[in-house]
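J.: Sending over a structure as structure tokens; questions will come in a sec.
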Amino acid sequence: MSPLIGLPLSLLAGVAMPVQTRVNGTLGQRLDDGLAAALVSFTVGLVVMSAISVILPRGRAGASQLLPALRERRFPRYYVLAGMIGGYFVLSQTLTVAVLGVAVFTVAAVAGQTLTGLVVDRLGIGPAGKKALTVMRVVGAVLTIAAVAWAVSPKLTGGQDPSAWLLPVLLPLTAGMLMSFQQAMNGTTGMHYGTPITATLVNFISGTVLLAVMWGIKVAVSGLGNPLPGEWWLYLGGPMGCVFIGLAALLVRSLGVLLTSLGLIGGQLIGSLLLDIVFPAPGTTVVAATVLGTLLTLAAIVLATLPWNMPGGGPFRRRRSSRPDTAGTPR
């Protein structure tokens, strides 16, 4: 898939993330139980993906390849546990958004995701193989982190004592770091299933199982929280996760982990900006730094995807020889 098509799709997938963060954070507050909110989000997502896998022919075909892929060890079997990373990410949303706010949560998650995206691409963990660690890719990643920090800086200067969120910020930071590995694992499994639908379904199965076990232990220790609320929109976190995970699994096969991550980050900032404009949270105002930081992030994504960032690449590179690459490295 060409970056001209893939990057807009990654931006679209990224827009789903701030919606999920807002919904899951609110649900966690209403239930007074972040773990229960994460489990509800994953359960709804599992129902949606199960229906899609049954209704669509491509979903049924992918599901039929699940057991053969595991038996034949087409990929490391622990890749099917990638959904537990998603469960951890959603859990970090429900536990920390009320304490940190969406701004600090976004900065921490983006920083972890961008840095490990470079590592995952360099190691060749994803289906796109190894990606060269060019200067422009590093500059684009660093510039993305700086742009995100600038975009949310007005919210970070609200006078809150930093010691109140230094420890909670470790949850979204580590969750963001793990997300790059999840994208690489999902891209690989989706390639062998023949569709990202099955990779997304397996994600929700493993994530739901992990959260259900943790919630069961929590209930045994401290009891149930509040009953489920009646507002329908509080259950949109799961479907938003389906969009995010499914498109990421599809795009990482051609864009690589870093570029997919940068596109998702740009989408997150755009989505956050739209939420603040259309459905603002109490006390939220849109200032110039937020808009300019978002634009700088998009510029960083373009910088990281310029043709001359690839080895031997360039806008006027010569046609590649038909001989196979002796190094075996995808280009």
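The values are calculated or read from the model by the stated rules, or taken from the named source; none is laboratory data. These numbers were taken from a predicted model, which means no experiment stands behind them. Here the Cβ is made from the backbone with ideal geometry for all residues, glycine too, and neighbour counts use every protein chain on show. Just so you know, the surface numbers come from the protein's heavy atoms only, side chains and all, with ligands and any DNA or RNA stripped out. Shrake-Rupley method; radii C 1.70, N 1.55, O 1.52, S 1.80 Å.
J.: Just to be sure, is L269 of a type in the set (A, V, I, L, M, F, W, C), more than 15 Å from G34 (Cα to Cα), surrounded by 21 or more Cβ atoms within 10 Å (Cβ to Cβ) and over 11 Å from the mean Cα position of the chain (by Cα)?
T.: yes
Per-residue answers, yes or no, for (1) at pLDDT 95 or above; (2) outside any helix (DSSP H, G or I); (3) more than 30 Å from V120 (Cβ to Cβ):
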| position | (1), (2), (3) |
| --- | --- |
| N186 | no, no, no |
| M191 | no, no, no |
| T200 | no, no, no |
| A220 | no, no, yes |
| P229 | no, yes, yes |
| W233 | no, no, yes |
| G238 | no, no, no |
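J.: Quick check on my filter: what residues within region 205-252 are open to solvent by less than 30 Å² (accessible area, probe 1.4 Å), more than 19 Å from P18 (Cα to Cα) and either touching a residue at least 12 places away in the same chain (Cβ under 8 Å) or touching a strand residue (DSSP E or B) at 6+ places or on another chain (Cβ under 7 Å) (or both)?
T.: Scanning region 205-252 gives S206, G207, T208, L211, P229, L251, V252.
J.: Of the residues A108, A98, A82, only one is under 16 Å from V169 (Cα atoms) and crowded, with 17+ Cβ neighbours inside 10 Å; which?
T.: Answer to the check: A108.
J.: Same structure again: Check S50, S2, S10 and return the single one that is modelled with pLDDT of 90 or more, among the polar types (S, T, N, Q) and touching a helix residue (DSSP H, G or I) at 6+ places or on another chain (Cβ under 9 Å). Steps first, answer last, please.
T.: Details: S2 fails: modelled with pLDDT of 90 or more; S10 fails: modelled with pLDDT of 90 or more.
Exactly one of S50, S2, S10 is modelled with pLDDT of 90 or more, among the polar types (S, T, N, Q) and touching a helix residue (DSSP H, G or I) at 6+ places or on another chain (Cβ under 9 Å), namely S50.
J.: Take the conditions out of contact with any Pro (no Cβ under 8 Å at 6 or more places or on another chain), under 17 Å from G194 (Cα atoms), open to solvent by 30 Å² or more (accessible area, probe 1.4 Å) and assigned to a helix (DSSP H, G or I) and apply them to V54. Does it pass?
T.: yes
J.: Please work out which residue is farthest from L247 (Cα to Cα), limiting yourself to region 10-23 and to residues that are buried (at least 20 other Cβ atoms within 10 Å of the Cβ) and hydrophobic (A, V, I, L, M, F, W, C).
T.: Restricting attention to region 10-23, the residues satisfying the condition of being buried (at least 20 other Cβ atoms within 10 Å of the Cβ) are 10-11, 13-23.
From what's left, hydrophobic (A, V, I, L, M, F, W, C): 11, 13, 15-17, 19, 23.
On the way: L11: 10, A13: 6, V15: 12, A16: 11, M17: 12, V19: 16, V23: 20 Å.
This residue is V23.
J.: One residue is enough: does region 25-44 have a residue meeting the conditions polar (S, T, N, Q), farther than 14 Å from A98 by Cα and at pLDDT 95 or above?
T.: Checked against the condition, which is being polar (S, T, N, Q), farther than 14 Å from A98 by Cα and at pLDDT 95 or above, region 25-44 yields at least one hit.
J.: Examine region 24-31 for a residue that is among the aliphatic types (A, V, I, L, M), open to solvent by 70 Å² or more (accessible area, probe 1.4 Å) and under 30 Å from I217 (Cα atoms), and state whether such a residue exists.
T.: Within region 24-31, not a single residue is among the aliphatic types (A, V, I, L, M), open to solvent by 70 Å² or more (accessible area, probe 1.4 Å) and under 30 Å from I217 (Cα atoms).
J.: Here is a further query. Taking region 70-123 as the region of interest, how many residues are over 21 Å from V257 (Cβ atoms), small (G, A, S) and touching a residue at least 60 places away in the same chain (Cβ under 8 Å)?
T.: Residues flagged as over 21 Å from V257 (Cβ atoms), small (G, A, S) and touching a residue at least 60 places away in the same chain (Cβ under 8 Å) within region 70-123 amount to 1.
J.: Tell me yes or no: at least one residue of region 112-125 is modelled with pLDDT of 70 or more and assigned to a loop (DSSP other than H, G, I, E, B).
T.: Within region 112-125 (the criterion being modelled with pLDDT of 70 or more and assigned to a loop (DSSP other than H, G, I, E, B)), the answer is yes, since at least one residue qualifies.
J.: Among the residues of region 61-79, count how many are loosely packed, with under 15 Cβ neighbours inside 10 Å and assigned to a helix (DSSP H, G or I). I'd like the intermediate steps shown before the answer.
T.: Step one: of region 61-79, the residues loosely packed, with under 15 Cβ neighbours inside 10 Å are 64, 67-68, 71-73, 76-78.
Retained after the next criterion (residues that are assigned to a helix (DSSP H, G or I)): 64, 67-68, 71, 77-78.
Adding up the residues that qualify gives 6.
J.: Test L81 against the criterion of being touching a helix residue (DSSP H, G or I) at 6+ places or on another chain (Cβ under 8 Å), farther than 26 Å from G293 by Cβ and at pLDDT 75 or above, and give yes or no.
T.: yes
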